[in-house]
Amino acid sequence: MSENQEFSYKKISDLIKDTDGSFFNFDTNNWIRNRKEEIIEPINGEIIGEIPNWISGSFILNGPGTFKVGDVSLNHVFDGMALLHRFHIDNGNVTYQCRFIKSEAYEKVKSENRLAFNEFGTTTISNGSFIQKVRAFFSQNTQASDNTLVTVYPLDSEIYAITETPMIRKFNPKTLETLERYDLNKYTNIIFQPAHPQLYDGNLYQCGLTITSEGSKYNIFCIPQGENKFDNIKMIAKVPARRKFSPGYMHSFGITENYFIIIEQPLSMPAFQMKIATYLKTPFVNAFKWLKDENTYIFLVDRVTGEVKHTFEADGFFYFHTINQYENDGHVVLDLSCYNDADIIKGLMVDNMVKLKKEKIKTNMLNSRVLRFVMPLNVPKEENAEKKNIVTLKGVQAEAFIKSDGTIFVVPEVLCDTPMEFGTIWYDKHLGKYYKYFYGVGYDVHAEYPCTLIKVDVENKTRIIWKEKDAYPSEPLFIPAKDAKSEDDGVVIASITYGESEANRVTLLVLDAKTFTELGRCEFKNLSDPVSKTFHGWFLDERV
């Protein structure tokens with residue numbers, strides 16, 4: 001236990017203990033492979049076992065497809081040129097295809113052999129000839145990159161590729177052909193957005209960053225269903241950052257029945273340094289600053305009025321992904337994958353990934369834990385209340401204490417003690433609501449099986465693991481059976497890439513969601529080019 005001036009509590013660093021984890025068994029090349037050819041027409045694979053014939057739809061994934069185009073080399077895992085993958089499942093059969101998103105960033109690299117925009121970890125000035133570098137330095141083009149490589153989200157009958165810049169890209173879900181580009185900055189004045197909006201009640205909610213002379217704000221807005229959706233964007237809230245010109249980096253946020261949840265972690269994006277990075281053509285990642293002595297702030301924002309109704313503090317931690325959040329008996333429960341620090345951001349530089357594999361460098365950069373924070377909405381007004389745990393929700397071990405200034409300090413509990421990322425749930429039914437199960441990717445990188453799939457029961461704090469030698473699964477997605485009788489009545493699907501000896505192979509895996517055992521798979525072997533590990537995806541259900 002750590003001693004605070006006002007109360008004792010277990011620090012997050014005690015919950016996420018560093019190990020001597022080495023990347024000896026983890027093939028980092030999975031993230032940084034270079035594909036040249038697309039597979040435009042769907043191809044058939046080899047079915048092993050049985051793919052349930054009730055599954056009908058397209059599993060579409062997004063991620064980096066190549067880090068080398070002509071003479072241009074990209075320096076960060078978040079910089080690879082976006083490649084869409086589509087597994088189409090119909091009556092027990094599966095086809096596969098993949099195509100690059102024909103963004104302006106991609107087309108410029110192909111046609112001019114240079115970067116047109118700064119990427120997350122790559123600067124325009126680091127590529128091309130001497131004359132091209134001089135032109136790039138003095139260019140006033142500060143438009144954000146439209147290399148939308150992180151995830152995909154549907155809205156109405158359309159689907160969009162999304163990244164952390166304000167650019168989103170529509171594409172054809174059957175052919176993967178790139179369609180219209182939309183710049184959300186024109187509609188909302190944001191310069192940065194989480195790669196993960198929230199699809200709730202048919203509308204898409206987003207929380208973008210804006211920086212003006214008045215300071216930094218997190219702008220929460222809604223992209224509604226229907227025609228002219230971008231012209232009808234509704235601004236809901238503008239939440240000031242606690243550091244006026246140094247907002248927190250945000251890759252995702254939360255939503256419940258009554259609240260938006262903004263998590264302001266101590267990885268800051270200083271506005272002045274970000275502007276200098278843009279002007280000097282240096283990578284944005286170089287401007288990020290980890291404030292190791294600062295706490296994390298959690299804001300609960302009223303979904304109707306846009307007001308910050310509650311503010312909580314926690315130990316400083318870094319996170320990419322929320323898993324789920326919900327309200328229950330006067331509390332808000334928030335589950336997310338947390339790290340002790342933000343080392344993973346620079347650890348995902350391509351050079352670092354190569355060193356980790358080649359030199360077997362020891363690191364804790366993937367050493368995350370799934371933590372549950374419980375935030376009480378009704379604060380007791382009693383003497384010496386600051387010395388008591390004010391969480392009264394049954395079945396949880398998370399705590400909360402009142403500080404002398406009235407701030408509520410929350411202390412999480414561990415839901416899964418295996419390093420894990422890419423947590424997913426049954427979104428359509430349980431997003432923002434009580435739930436029992438989530439699925440994710442395990443990253444115990446020094447273990448015999450360094451990359452696994454995990455099913456976690458958050459009520460009983462138990463887990464089931466799927467593993468296979470030299471296999472690297474994608475983010476898993478749950479597909480409910482028709483008229484599902486329970487939360488895990490259905491299947492879990494994931495794509496699998498492999499180590500360097502089988503880099504040109506990809507598999508669609510189908511697991512029974514209850515038992516987490518394999519039902520079947522479809523193998524696509526001896527492809528013309530290697531297949532990289534993806535970030536995120538979506539299943540477009542075609543069942544009536």
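The values are calculated or read from the model by the stated rules, or taken from the named source; none is laboratory data. A quick note: this is a predicted structure, and the numbers were derived from the prediction, not measured. FYI the Cβ positions are ideal-geometry reconstructions off the backbone, even for glycines, and counts take in every protein chain you see. Heads up: the accessible areas ignore ligands, DNA and RNA and are worked out on the full protein's heavy atoms, side chains in. Shrake-Rupley method; radii C 1.70, N 1.55, O 1.52, S 1.80 Å.
Annotations for the structure displayed:
- Rolling a 1.4 Å probe over the heavy atoms of the protein chains gives the chain an accessible area of 40 Å² per residue.
- Whether the range 359-437 is rounded, prolate or oblate, judged on the alpha carbon gyration tensor where a/c under 1.5 counts as rounded: oblate
- For the range 281-420, the relative contact order works out to 21 percent when only alpha carbon pairs closer than 8 Å and six or more residues apart are counted.
- Lys-Lys pairs in the range 300-412 that are eight or more residues apart or on separate chains and whose Cα atoms lie under 26 Å of each other come to 15.
- Note on Glu459: accessible area approximately 80 square angstrom, rounded to 10, probe 1.4 Å, nucleic acids and ligands left out.
- Note on Lys234: accessible area is roughly 130 Å² with a 1.4 Å probe, heavy atoms of protein only.
- Residues Ile48 and Tyr200, FRET efficiency given R0 of 41 Å [Cβ-Cβ distance, rounded to 0.05]: 0.65
- Comparing Cα centroids, the range 86-118 and the range 27-63 end up 13 angstrom apart.
- Ranked by the mean number of other Cβ atoms within 10 Å of their residues, highest first, the peptides 204-210, 222-228, 60-66 fall in the order 60-66, 204-210, 222-228.
- Reducing the range 508-530 and the range 208-228 to their Cα centroids gives an inter-centroid distance of 39 Å.
- Exposure of Arg33 as accessible area (Å², to 10), given a probe of 1.4 Å and all protein chains: 10
- Rg over Rh [alpha-carbon atoms, Kirkwood Rh] for the chain: 0.95
- Counting charges near Lys433 (Lys, Arg +1; Asp, Glu -1) among other residues having Cβ under 12 Å from its Cβ returns a value of -3.
- Sorted largest first by accessible area at a 1.4 angstrom probe radius, with every protein chain in place, the residues Trp466, Trp538 fall in the order Trp538, Trp466.
- Across the options Phe67, Gly208, Phe100, the greatest Cα extent toward the positive end of the charge dipole of the chain (unit charges at beta carbon of Lys, Arg, Asp, Glu) belongs to Phe67.
- For the range 416-544: rounded, prolate or oblate by the Cα gyration tensor [a/c cutoff 1.5]: oblate
- Given charges at Cβ of Lys, Arg, Asp, Glu: the chain dipole, positive-most of Ile425, Tyr319, Ile191: Ile191
- Only DSSP H runs of four or more residues enter the estimate; each adds -39500 (n - 2.57), and after division by the residues of the chain the mean residue ellipticity at 222 nm equals -2500 deg cm²/dmol.
- Cross-link partners of Lys229 among aspartates and glutamates (Cα-Cα below 18 Å; sequence separation of 8 or more within a chain): Asp156, Glu158, Glu180, Asp183, Asp201
- Placing +1 on the Cβ of every Lys and Arg and -1 on the Cβ of every Asp and Glu, with nothing else charged, gives the chain a dipole about its Cα centre of roughly 1240 debye.
- Protection proxy ranking of 6-14, 495-503 - average other beta-carbon atoms within 10 Å, highest first: 495-503, 6-14
- The range 72-86 - phi-based ³J(HN,Hα) in whole Hz, Karplus 6.51/-1.76/1.60, Gly and Pro as x: 8, 10, 9, 9, 9, 4, 7, 9, x, 5, 4, 10, 8, 10, 9
- Table column - 3J(HN,Hα) (Hz), the range 413-430, Karplus curve with 6.51, -1.76, 1.60, x for Gly and Pro: 10, 8, 8, 8, 8, 9, x, 8, 9, 6, x, 9, 9, 7, 4, 4, 9, 10
- The chain, relative contact order in percent, only Cα pairs under 8 angstrom and at least six apart counted: 16
- Solvent-accessible area of the chain (1.4 angstrom probe, protein heavy atoms only): carbon and sulfur portion equals 47 percent.
- In terms of packing, defined here as the mean over residues of other Cβ atoms within 10 angstrom, the peptides 509-519, 396-406 line up highest first as 509-519, 396-406.
- Among Phe253, Phe539, the sequence by solvent-accessible area, most first, with a 1.4 Å probe is Phe539, Phe253.
- Among His88, His536, the order of accessible area from largest down is His88, His536, computed with a 1.4 Å probe on protein heavy atoms.
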